[in-house]
1. Test of understanding: among Ala103, Ala83, which residue is buried (at least 19 other Cβ atoms within 10 Å of the Cβ) and in contact with a Pro (Cβ under 8 Å, 6 or more places away or on another chain)?
2. Answer with yes or no whether Phe48 is hydrophobic (A, V, I, L, M, F, W, C), open to solvent by 70 Å² or more (accessible area, probe 1.4 Å) and within 25 Å of the chain's Cα centre (by Cα).
3. Among the residues in region 44-53, are any among the acidic types (Asp, Glu) and under 30 Å from Ala121 (Cβ atoms)?
4. Only residues that are outside any helix (DSSP H, G or I) and among the aliphatic types (A, V, I, L, M): list them for region 226-250, please.
5. Go through region 124-146 and give me each residue that's in contact with a Lys or Arg (Cβ under 8 Å, 6 or more places away or on another chain), at negative phi and outside any helix (DSSP H, G or I).
6. Any residue in region 1-19 that's within 15 Å of Ile142 (Cβ to Cβ) and modelled with pLDDT under 85: show its pairings with residues that are assigned to a loop (DSSP other than H, G, I, E, B) and open to solvent by 60 Å² or more (accessible area, probe 1.4 Å) at Cβ separation under 8 Å, as long as the two are six or more apart or on different chains.
7. If I filter region 109-122 down to residues being in a loop (DSSP other than H, G, I, E, B) and in contact with a Ser or Thr (Cβ under 7 Å, 6 or more places away or on another chain), which single residue comes out as most open to solvent (accessible area, probe 1.4 Å)?
Amino acid sequence: MPVHDFRSQRLFLDTPLARGLMIELDASAVNYVVNVLRMKAGARLLVFNGRDGEWEAELVNAARRQAEISIGEQTRAQTGGPALTYAFAPLKRARLDYMVQKATELGVQNLTPVLTDRTVADRIKLDRMRANVIEAAEQCGILRVPEISEPVRLSHWLAARTSSERPPRLIVCDESAPIADPVAALSEVTPGPSAVLIGPEGGFSDAERSAFRAVPDVVVLSLGPRIMRADTAAVAALTLVNAVIGDWRE
């Protein structure tokens, strides 16, 4: 189990990282480091970009509106994670924030909002999703930052999978699944790239159920005897997948 330094502040930077670089922070990072955390010149922090691992950095030239950091030694090499897409019917603001953060903590590689027949939230702020992904990664020692895809109609997303040469296995969480035991359903699956799909709280329509059952390499499973809210179902489903066929087995 890798040991992370949780005592140091971590900062995501969307720029290449390497020893000896001097990086000028953007306005948002300056505000967070200098004005919110009240760091002074000489303070040390950890930085990462989701590609180049984690690095020790020193804050220099710190001012109210401008600051630079000097990149020192690498503290952790870049790590990957499960080849896991999480596709979901968008939720309203606070619950979507929670779901995105937990999916990041649970190691997803990609977040894809899918619009279903019963989707309630029709406005999706991708910038807000991105901010929640980064915040979760900063706080939990995560190195890989999930990609966020543009919203897509479920029917179009399923059609794209069908036309793809090697689509990841599709795992659909649906209360109408014929196998009530989700662990039993996943135990028959070979580990590998997967996409987990969770619908809206109103459930999938009959037409949507027919559509996803018709795609190749699909597993439809129930999440047990209780009906969960969609954000709770996300945590339950991703935990099951990680534990039974994902990287928790390593």
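The values are calculated or read from the model by the stated rules, or taken from the named source; none is laboratory data. This one's a predicted model, so the numbers in the text were calculated from it and none came from an experiment. Glycine also receives a Cβ, built like all others from the backbone with ideal geometry; neighbour counts cover every protein chain displayed. Ligands, DNA and RNA are stripped out before the accessible areas are found, and what is left, the full protein with its side chains, is counted by its heavy atoms. Shrake-Rupley method; radii C 1.70, N 1.55, O 1.52, S 1.80 Å.
1. On the way: Ala83 fails: buried (at least 19 other Cβ atoms within 10 Å of the Cβ).
Testing whether each residue is buried (at least 19 other Cβ atoms within 10 Å of the Cβ) and in contact with a Pro (Cβ under 8 Å, 6 or more places away or on another chain) leaves just Ala103.
2. Values: hydrophobic (A, V, I, L, M, F, W, C): yes; open to solvent by 70 Å² or more (accessible area, probe 1.4 Å): no; within 25 Å of the chain's Cα centre (by Cα): yes.
When the stated conditions are applied, Phe48 does not pass them.
3. Within region 44-53, the first condition is being among the acidic types (Asp, Glu), and the residues that meet it are 52.
Checking which are under 30 Å from Ala121 (Cβ atoms) leaves us with none.
No: zero hits.
4. Step one: filter region 226-250 for residues outside any helix (DSSP H, G or I), giving 226-229, 245-246, 250.
Correct list: Ile227, Met228, Ile245.
5. Hit for region 124-146 is Leu143, nothing else.
6. Cβ pairs passing all conditions: Pro2/Thr79.
7. Let us first name the residues in region 109-122 that are in a loop (DSSP other than H, G, I, E, B), namely 109, 116-122.
From the residues that got through so far, the ones that are in contact with a Ser or Thr (Cβ under 7 Å, 6 or more places away or on another chain) too are 109, 117-118.
Numbers: Gln109: 80, Asp117: 92, Arg118: 108 Å².
Looking at residues that are in a loop (DSSP other than H, G, I, E, B) and in contact with a Ser or Thr (Cβ under 7 Å, 6 or more places away or on another chain), I get Arg118.
Okay, residues lined up against (1) part of a loop (DSSP other than H, G, I, E, B); (2) open to solvent by 20 Å² or more (accessible area, probe 1.4 Å); (3) farther than 19 Å from Ser164 by Cβ:
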site: Ala177; (1), (2), (3): yes, no, yes
site: Val183; (1), (2), (3): no, yes, yes
site: Leu186; (1), (2), (3): no, no, yes
site: Pro191; (1), (2), (3): yes, yes, yes
site: Val196; (1), (2), (3): no, no, no
site: Gly203; (1), (2), (3): yes, no, yes
site: Phe212; (1), (2), (3): no, no, no
site: Pro216; (1), (2), (3): yes, yes, no
site: Gly224; (1), (2), (3): yes, yes, yes
